[in-house]
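J.: First, the structure itself, so that you have it in front of you.
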Amino acid sequence: MATQPATPLQFPIKKALIRRFARDTSQHTRHIVQGLFLLLNGWIGIQFYLWARYYERGGVGMNLPRPAGVEGWLPIAGLMNTKYLLVTGRVPEMHPAAMYLFIGFLLMSILLKKAFCSWLCPVGTFSEYLWRIGRRFFGRNLRLPRWFDIPLRGLKYLLLGLFVAVIGVMSAEALDGFMATPYGLLVDVKMLNFFRTMGITAAVVIALLVLLSMLVQNFWCRYLCPYGALMGLASLLSPVKIRRDAEACIVFARQFQSDRDILDGGFPGEERIGLKQVAGLTVERGERRTKDIYAACDGREQTGGNIEQRRLAAAGRTDDRDELAVAYVQRCTIDRCVGADGDAK
Ligand code: SF4
(Lines give C-alpha, C1' and ligand atoms only; values in the text may rest on other atoms or scores of the structure.)
Protein backbone atom coordinates (compact mmCIF):
# COMPACT_ATOMS: atom_id res chain seq x y z
CA MET A 1 0.00 0.00 0.00
CA ALA A 2 1.37 3.32 -1.03
CA THR A 3 2.18 5.57 1.81
CA GLN A 4 1.72 9.25 1.77
CA PRO A 5 4.94 11.20 2.12
CA ALA A 6 4.90 13.01 5.36
CA THR A 7 3.97 16.59 4.96
CA PRO A 8 6.54 18.81 6.59
CA LEU A 9 4.98 20.50 9.52
CA GLN A 10 4.72 24.20 9.33
CA PHE A 11 5.35 26.35 12.28
CA PRO A 12 5.18 30.05 12.64
CA ILE A 13 8.40 32.01 12.55
CA LYS A 14 7.73 35.47 13.77
CA LYS A 15 11.26 36.62 13.54
CA ALA A 16 14.35 35.47 11.70
CA LEU A 17 16.45 33.27 13.91
CA ILE A 18 20.08 34.09 14.27
CA ARG A 19 22.58 31.30 14.18
CA ARG A 20 25.62 31.94 16.26
CA PHE A 21 28.77 30.37 14.90
CA ALA A 22 31.32 31.89 17.21
CA ARG A 23 31.73 30.62 20.71
CA ASP A 24 29.96 32.77 23.26
CA THR A 25 32.62 34.48 25.32
CA SER A 26 30.26 36.72 27.27
CA GLN A 27 30.76 34.87 30.57
CA HIS A 28 34.51 34.99 30.19
CA THR A 29 34.36 38.72 29.46
CA ARG A 30 32.01 39.25 32.38
CA HIS A 31 34.41 37.54 34.78
CA ILE A 32 37.27 39.70 33.52
CA VAL A 33 35.20 42.88 33.98
CA GLN A 34 34.14 41.73 37.45
CA GLY A 35 37.78 41.11 38.35
CA LEU A 36 38.86 44.51 37.06
CA PHE A 37 36.14 46.24 39.05
CA LEU A 38 37.13 44.31 42.12
CA LEU A 39 40.71 45.53 41.65
CA LEU A 40 39.48 49.08 41.05
CA ASN A 41 37.44 48.96 44.25
CA GLY A 42 40.39 47.53 46.14
CA TRP A 43 42.54 50.39 44.91
CA ILE A 44 39.86 52.95 45.82
CA GLY A 45 39.60 51.41 49.29
CA ILE A 46 43.36 51.56 49.88
CA GLN A 47 43.62 55.13 48.62
CA PHE A 48 40.69 56.22 50.75
CA TYR A 49 42.20 54.55 53.81
CA LEU A 50 45.53 56.31 53.24
CA TRP A 51 43.72 59.62 52.71
CA ALA A 52 41.80 59.18 55.98
CA ARG A 53 44.94 58.12 57.88
CA TYR A 54 46.83 61.17 56.67
CA TYR A 55 44.33 63.50 58.34
CA GLU A 56 43.87 61.29 61.41
CA ARG A 57 47.61 61.46 62.02
CA GLY A 58 47.69 65.21 61.64
CA GLY A 59 49.26 65.37 58.21
CA VAL A 60 51.69 62.46 58.56
CA GLY A 61 52.02 59.83 55.84
CA MET A 62 51.10 59.77 52.20
CA ASN A 63 49.05 62.71 51.11
CA LEU A 64 46.85 61.21 48.44
CA PRO A 65 43.71 62.85 47.07
CA ARG A 66 40.40 61.47 48.27
CA PRO A 67 39.10 59.06 45.60
CA ALA A 68 35.66 60.20 44.48
CA GLY A 69 34.83 56.61 43.54
CA VAL A 70 34.42 55.78 47.22
CA GLU A 71 31.02 57.42 46.99
CA GLY A 72 29.85 54.51 44.89
CA TRP A 73 29.65 52.78 48.27
CA LEU A 74 27.18 55.38 49.53
CA PRO A 75 23.97 54.45 47.76
CA ILE A 76 21.76 56.02 50.44
CA ALA A 77 23.59 59.35 50.06
CA GLY A 78 23.18 58.87 46.31
CA LEU A 79 19.44 58.42 46.70
CA MET A 80 19.15 61.43 49.00
CA ASN A 81 21.17 63.63 46.67
CA THR A 82 19.21 62.48 43.65
CA LYS A 83 16.00 63.55 45.36
CA TYR A 84 17.63 66.85 46.26
CA LEU A 85 18.57 67.38 42.61
CA LEU A 86 15.06 66.51 41.42
CA VAL A 87 13.39 68.82 43.93
CA THR A 88 15.71 71.81 43.73
CA GLY A 89 17.38 71.41 40.35
CA ARG A 90 20.71 72.00 42.09
CA VAL A 91 23.66 69.65 42.39
CA PRO A 92 24.23 68.98 46.10
CA GLU A 93 27.48 70.24 47.56
CA MET A 94 28.16 67.18 49.68
CA HIS A 95 28.86 63.82 48.06
CA PRO A 96 27.87 64.78 44.53
CA ALA A 97 29.78 61.77 43.17
CA ALA A 98 27.42 59.49 45.11
CA MET A 99 24.56 61.02 43.16
CA TYR A 100 26.26 60.78 39.77
CA LEU A 101 27.22 57.16 40.36
CA PHE A 102 23.76 56.34 41.66
CA ILE A 103 22.12 57.86 38.58
CA GLY A 104 24.69 56.19 36.32
CA PHE A 105 23.99 52.74 37.77
CA LEU A 106 20.26 53.36 37.59
CA LEU A 107 20.52 54.33 33.92
CA MET A 108 22.65 51.29 33.31
CA SER A 109 19.89 49.11 34.78
CA ILE A 110 17.26 50.84 32.69
CA LEU A 111 19.27 50.39 29.52
CA LEU A 112 20.89 47.03 30.15
CA LYS A 113 18.79 45.45 32.86
CA LYS A 114 20.80 44.12 35.80
CA ALA A 115 24.17 44.66 34.15
CA PHE A 116 25.36 46.53 37.22
CA CYS A 117 24.74 43.54 39.46
CA SER A 118 26.19 40.94 37.16
CA TRP A 119 29.13 42.88 35.75
CA LEU A 120 30.19 45.59 38.16
CA CYS A 121 29.03 45.25 41.74
CA PRO A 122 31.93 43.98 43.88
CA VAL A 123 29.55 42.58 46.48
CA GLY A 124 27.84 40.61 43.74
CA THR A 125 31.22 39.34 42.56
CA PHE A 126 32.07 38.21 46.09
CA SER A 127 28.69 36.63 46.39
CA GLU A 128 29.31 34.71 43.18
CA TYR A 129 32.69 33.47 44.42
CA LEU A 130 31.16 32.42 47.70
CA TRP A 131 28.47 30.17 46.29
CA ARG A 132 30.96 28.65 43.88
CA ILE A 133 33.33 27.95 46.77
CA GLY A 134 30.41 26.60 48.77
CA ARG A 135 29.36 24.32 45.95
CA ARG A 136 32.87 22.99 45.62
CA PHE A 137 33.26 22.58 49.35
CA PHE A 138 29.86 21.12 50.20
CA GLY A 139 29.21 19.43 46.86
CA ARG A 140 26.14 21.51 46.08
CA ASN A 141 24.25 24.64 46.93
CA LEU A 142 21.01 24.51 48.83
CA ARG A 143 17.76 25.62 47.30
CA LEU A 144 15.25 26.96 49.74
CA PRO A 145 11.76 25.54 49.39
CA ARG A 146 9.47 27.67 47.26
CA TRP A 147 7.13 28.52 50.14
CA PHE A 148 10.10 30.03 51.97
CA ASP A 149 12.02 31.41 49.02
CA ILE A 150 9.25 33.60 47.61
CA PRO A 151 8.31 35.51 50.78
CA LEU A 152 11.99 35.83 51.65
CA ARG A 153 12.65 37.50 48.31
CA GLY A 154 10.23 40.22 49.38
CA LEU A 155 12.56 41.27 52.19
CA LYS A 156 14.82 43.34 49.95
CA TYR A 157 11.81 45.24 48.61
CA LEU A 158 10.68 45.87 52.15
CA LEU A 159 14.10 47.31 53.02
CA LEU A 160 14.09 49.40 49.87
CA GLY A 161 10.59 50.62 50.70
CA LEU A 162 11.78 51.73 54.14
CA PHE A 163 14.65 53.77 52.70
CA VAL A 164 12.47 55.29 49.99
CA ALA A 165 9.73 56.13 52.50
CA VAL A 166 12.13 57.82 54.92
CA ILE A 167 13.91 59.78 52.20
CA GLY A 168 10.64 60.44 50.38
CA VAL A 169 9.19 62.43 53.27
CA MET A 170 12.32 64.52 53.76
CA SER A 171 12.21 68.03 52.34
CA ALA A 172 15.10 69.47 50.35
CA GLU A 173 16.10 71.53 53.40
CA ALA A 174 16.08 68.44 55.58
CA LEU A 175 18.23 66.56 53.06
CA ASP A 176 20.64 69.45 52.86
CA GLY A 177 20.67 69.75 56.65
CA PHE A 178 21.43 66.06 57.09
CA MET A 179 24.34 66.20 54.67
CA ALA A 180 25.73 69.20 56.56
CA THR A 181 25.79 67.35 59.91
CA PRO A 182 29.11 65.83 61.02
CA TYR A 183 27.65 62.41 60.25
CA GLY A 184 26.58 63.46 56.75
CA LEU A 185 29.93 65.11 56.05
CA LEU A 186 31.91 62.08 57.17
CA VAL A 187 29.56 59.32 56.11
CA ASP A 188 32.33 57.79 53.97
CA VAL A 189 34.73 57.73 56.93
CA LYS A 190 31.96 56.24 59.09
CA MET A 191 31.68 53.45 56.56
CA LEU A 192 35.44 52.90 56.73
CA ASN A 193 35.25 52.86 60.52
CA PHE A 194 32.53 50.24 60.38
CA PHE A 195 35.06 47.84 58.88
CA ARG A 196 38.03 49.09 60.89
CA THR A 197 36.39 48.91 64.29
CA MET A 198 33.89 46.18 63.72
CA GLY A 199 32.14 44.96 66.83
CA ILE A 200 31.37 41.36 67.68
CA THR A 201 27.74 41.63 66.60
CA ALA A 202 28.58 43.05 63.17
CA ALA A 203 31.34 40.45 62.71
CA VAL A 204 28.95 37.61 63.59
CA VAL A 205 26.28 38.94 61.21
CA ILE A 206 28.80 39.23 58.37
CA ALA A 207 30.19 35.76 59.09
CA LEU A 208 26.64 34.40 59.02
CA LEU A 209 25.97 36.11 55.70
CA VAL A 210 29.18 34.69 54.28
CA LEU A 211 28.21 31.20 55.40
CA LEU A 212 24.69 31.56 54.01
CA SER A 213 26.12 32.87 50.75
CA MET A 214 28.25 29.76 50.49
CA LEU A 215 25.27 27.52 51.14
CA VAL A 216 22.59 29.35 49.18
CA GLN A 217 23.38 30.86 45.82
CA ASN A 218 23.48 34.68 45.96
CA PHE A 219 21.84 34.74 49.39
CA TRP A 220 22.50 38.41 50.04
CA CYS A 221 21.58 39.59 46.53
CA ARG A 222 18.52 37.40 46.26
CA TYR A 223 16.95 38.14 49.60
CA LEU A 224 18.41 41.16 51.30
CA CYS A 225 20.04 43.75 49.06
CA PRO A 226 17.80 46.82 48.69
CA TYR A 227 20.13 48.28 46.06
CA GLY A 228 19.69 45.20 43.92
CA ALA A 229 15.92 45.45 44.45
CA LEU A 230 16.03 49.00 43.11
CA MET A 231 18.15 47.98 40.13
CA GLY A 232 15.72 45.14 39.47
CA LEU A 233 12.77 47.53 39.50
CA ALA A 234 14.62 49.95 37.21
CA SER A 235 15.42 47.09 34.85
CA LEU A 236 11.70 46.53 34.34
CA LEU A 237 11.76 49.73 32.28
CA SER A 238 14.52 48.42 30.08
CA PRO A 239 13.84 48.25 26.36
CA VAL A 240 16.37 45.40 26.15
CA LYS A 241 14.65 42.16 26.85
CA ILE A 242 15.09 38.53 25.98
CA ARG A 243 11.70 37.11 25.31
CA ARG A 244 10.94 33.53 24.74
CA ASP A 245 8.65 32.62 21.96
CA ALA A 246 7.24 29.62 23.74
CA GLU A 247 4.79 28.73 21.04
CA ALA A 248 7.32 28.66 18.23
CA CYS A 249 10.00 26.93 20.25
CA ILE A 250 7.80 24.17 21.54
CA VAL A 251 6.75 23.50 17.98
CA PHE A 252 10.39 23.46 16.98
CA ALA A 253 11.27 21.08 19.72
CA ARG A 254 8.58 18.65 18.70
CA GLN A 255 9.86 18.37 15.15
CA PHE A 256 12.85 16.29 16.14
CA GLN A 257 13.11 12.70 15.07
CA SER A 258 13.08 10.19 17.85
CA ASP A 259 16.77 9.40 17.40
CA ARG A 260 17.59 13.03 17.89
CA ASP A 261 15.29 13.68 20.75
CA ILE A 262 15.91 16.91 22.45
CA LEU A 263 13.16 16.92 24.95
CA ASP A 264 10.62 14.45 26.16
CA GLY A 265 7.65 15.48 28.16
CA GLY A 266 7.30 14.76 31.81
CA PHE A 267 6.26 16.47 34.94
CA PRO A 268 7.40 20.06 35.11
CA GLY A 269 11.05 20.11 35.98
CA GLU A 270 11.38 16.42 35.22
CA GLU A 271 11.64 16.67 31.47
CA ARG A 272 13.83 14.06 29.94
CA ILE A 273 16.57 14.94 27.57
CA GLY A 274 18.47 12.69 25.29
CA LEU A 275 20.80 14.55 23.08
CA LYS A 276 22.61 13.49 20.01
CA GLN A 277 23.48 16.86 18.78
CA VAL A 278 23.61 20.04 20.73
CA ALA A 279 24.60 23.43 19.51
CA GLY A 280 26.22 21.88 16.48
CA LEU A 281 28.25 19.42 18.53
CA THR A 282 27.87 15.73 18.21
CA VAL A 283 27.48 14.09 21.57
CA GLU A 284 27.05 10.54 22.64
CA ARG A 285 23.66 9.14 23.28
CA GLY A 286 22.46 9.27 26.79
CA GLU A 287 19.70 10.61 28.85
CA ARG A 288 19.13 11.63 32.37
CA ARG A 289 16.51 13.50 34.19
CA THR A 290 17.19 16.95 35.37
CA LYS A 291 15.50 18.00 38.56
CA ASP A 292 15.57 21.64 37.76
CA ILE A 293 15.85 22.68 34.20
CA TYR A 294 16.10 26.36 35.06
CA ALA A 295 18.83 25.73 37.57
CA ALA A 296 20.69 23.85 34.87
CA CYS A 297 20.38 26.81 32.57
CA ASP A 298 21.67 29.18 35.20
CA GLY A 299 24.59 26.90 35.86
CA ARG A 300 23.36 26.36 39.37
CA GLU A 301 23.56 22.65 39.05
CA GLN A 302 26.83 20.87 38.80
CA THR A 303 28.13 20.82 35.28
CA GLY A 304 27.87 17.31 33.97
CA GLY A 305 25.67 16.29 36.85
CA ASN A 306 22.34 16.74 35.28
CA ILE A 307 22.66 16.67 31.56
CA GLU A 308 25.10 15.36 29.07
CA GLN A 309 27.67 18.02 29.64
CA ARG A 310 30.54 15.65 30.15
CA ARG A 311 30.31 14.66 26.56
CA LEU A 312 30.37 18.23 25.43
CA ALA A 313 33.60 18.71 27.26
CA ALA A 314 34.88 15.54 25.70
CA ALA A 315 34.02 16.95 22.32
CA GLY A 316 36.65 19.59 22.86
CA ARG A 317 34.51 22.46 23.99
CA THR A 318 34.59 23.89 27.43
CA ASP A 319 31.34 24.33 29.24
CA ASP A 320 30.37 27.94 29.34
CA ARG A 321 26.72 27.12 29.76
CA ASP A 322 26.12 27.66 26.10
CA GLU A 323 25.67 24.02 25.55
CA LEU A 324 22.74 23.70 27.89
CA ALA A 325 20.52 23.03 24.95
CA VAL A 326 17.71 21.88 27.12
CA ALA A 327 17.55 25.35 28.49
CA TYR A 328 17.43 26.70 24.98
CA VAL A 329 14.47 24.53 24.29
CA GLN A 330 12.81 25.31 27.56
CA ARG A 331 13.50 28.97 27.74
CA CYS A 332 13.38 29.46 24.02
CA THR A 333 15.12 32.75 23.67
CA ILE A 334 14.48 33.92 20.19
CA ASP A 335 18.09 33.82 19.15
CA ARG A 336 18.78 30.42 20.62
CA CYS A 337 15.85 28.48 19.44
CA VAL A 338 16.51 24.93 18.41
CA GLY A 339 16.08 24.54 14.72
CA ALA A 340 14.80 21.55 12.80
CA ASP A 341 18.32 20.61 11.75
CA GLY A 342 19.23 19.85 15.30
CA ASP A 343 21.40 22.85 15.92
CA ALA A 344 20.83 25.35 18.57
CA LYS A 345 20.46 28.68 16.89
S1 SF4 B 1 21.96 42.62 44.47
FE2 SF4 B 1 23.07 44.21 45.61
S3 SF4 B 1 24.95 43.26 46.30
FE4 SF4 B 1 24.05 41.94 44.78
S5 SF4 B 1 25.05 42.50 42.90
FE6 SF4 B 1 23.17 43.71 42.98
S7 SF4 B 1 23.67 45.60 43.99
FE8 SF4 B 1 25.36 44.20 44.33
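J.: Do we find that residue 115 is under 20 Å from residue 236 (Cα atoms) and hydrophobic (A, V, I, L, M, F, W, C) in this structure?
T.: Details: under 20 Å from residue 236 (Cα atoms): yes; hydrophobic (A, V, I, L, M, F, W, C): yes.
Yes.
J.: So, one more: When you scan the stretch 144-153, do you find a residue that is surrounded by 13 or more Cβ atoms within 10 Å (Cβ to Cβ), within 16 Å of the ligand (Cβ to nearest atom) and closer than 22 Å to residue 33 by Cα, even just one?
T.: no
J.: Which of the residues that make up the stretch 109-134 are within 12 Å of the ligand (Cβ to nearest atom) and farther than 27 Å from residue 206 by Cβ?
T.: Hit for the stretch 109-134 is 113, nothing else.
J.: May I pose another question? Is there any pair linking a residue in the stretch 217-232 that is among the polar types (S, T, N, Q) to one that is assigned to a helix (DSSP H, G or I) and within 8 Å of the ligand (Cβ to nearest atom), with Cβ under 6 Å and at least six apart or on different chains, and which?
T.: Within 6 Å, the pairs are 218/127.
J.: Which residue, of 128, 56, is buried (at least 17 other Cβ atoms within 10 Å of the Cβ), assigned by TED's automatic domain parsing to the domain that holds residue 219 and among the acidic types (Asp, Glu)? Outline the logic, then answer.
T.: Details: 56 fails: buried (at least 17 other Cβ atoms within 10 Å of the Cβ).
Of 128, 56, the one residue that is buried (at least 17 other Cβ atoms within 10 Å of the Cβ), assigned by TED's automatic domain parsing to the domain that holds residue 219 and among the acidic types (Asp, Glu) is 128.
J.: Now for a separate question. Just give me the residues in the stretch 91-109 being surrounded by fewer than 18 Cβ atoms within 10 Å (Cβ to Cβ) and over 18 Å from residue 185 (Cα atoms), in sequence order.
T.: Residues satisfying the conditions are 103, 104, 107.
J.: Scan (1) modelled with pLDDT of 95 or more; (2) out of contact with any helix residue (DSSP H, G or I) (no Cβ under 9 Å at 6 or more places or on another chain) for the single condition residue 49 breaks and write down its number.
T.: The single condition residue 49 does not satisfy is (2).
J.: Within the set of pairs 6+ apart or on separate chains, which have a first residue in the stretch 168-184 that is among the hydrophobic types (A, V, I, L, M, F, W, C), a second that is surrounded by fewer than 13 Cβ atoms within 10 Å (Cβ to Cβ), and C-beta atoms under 8 Å apart?
T.: From the stretch 168-184, the pairs are 179/93.
J.: Taking the condition surrounded by fewer than 18 Cβ atoms within 10 Å (Cβ to Cβ), in contact with a Phe, Trp or Tyr (Cβ under 6 Å, 6 or more places away or on another chain) and of a type in the set (A, V, I, L, M), does residue 112 pass?
T.: Details: surrounded by fewer than 18 Cβ atoms within 10 Å (Cβ to Cβ): yes; in contact with a Phe, Trp or Tyr (Cβ under 6 Å, 6 or more places away or on another chain): no; of a type in the set (A, V, I, L, M): yes.
Spelling it out, it is not the case that residue 112 is surrounded by fewer than 18 Cβ atoms within 10 Å (Cβ to Cβ), in contact with a Phe, Trp or Tyr (Cβ under 6 Å, 6 or more places away or on another chain) and of a type in the set (A, V, I, L, M).
J.: Here's another thing I want to ask about it. Which ones in the stretch 204-244 are within 14 Å of the chain's Cα centre (by Cα) and either at positive phi or more than 15 Å from the ligand (Cβ to nearest atom) (or both)?
T.: The one that is within 14 Å of the chain's Cα centre (by Cα) and either at positive phi or more than 15 Å from the ligand (Cβ to nearest atom) (or both): 218.
Here is a yes/no grid of residues against (1) free of Cβ contacts under 8 Å to residues at least 12 places away in the same chain; (2) closer than 23 Å to residue 240 by Cα; (3) among the polar types (S, T, N, Q):
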{"residue": "89", "(1), (2), (3)": "yes, no, no"}
{"residue": "98", "(1), (2), (3)": "no, no, no"}
{"residue": "114", "(1), (2), (3)": "no, yes, no"}
{"residue": "127", "(1), (2), (3)": "no, no, yes"}
{"residue": "132", "(1), (2), (3)": "yes, no, no"}
{"residue": "137", "(1), (2), (3)": "no, no, no"}
{"residue": "140", "(1), (2), (3)": "no, no, no"}
{"residue": "143", "(1), (2), (3)": "no, no, no"}
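The values are calculated or read from the model by the stated rules, or taken from the named source; none is laboratory data. As the structure is a prediction and not an experimental result, all values here were calculated from the model. No Cβ is skipped: glycine too gets one built from the backbone with ideal geometry, and neighbour counts run over all protein chains shown.
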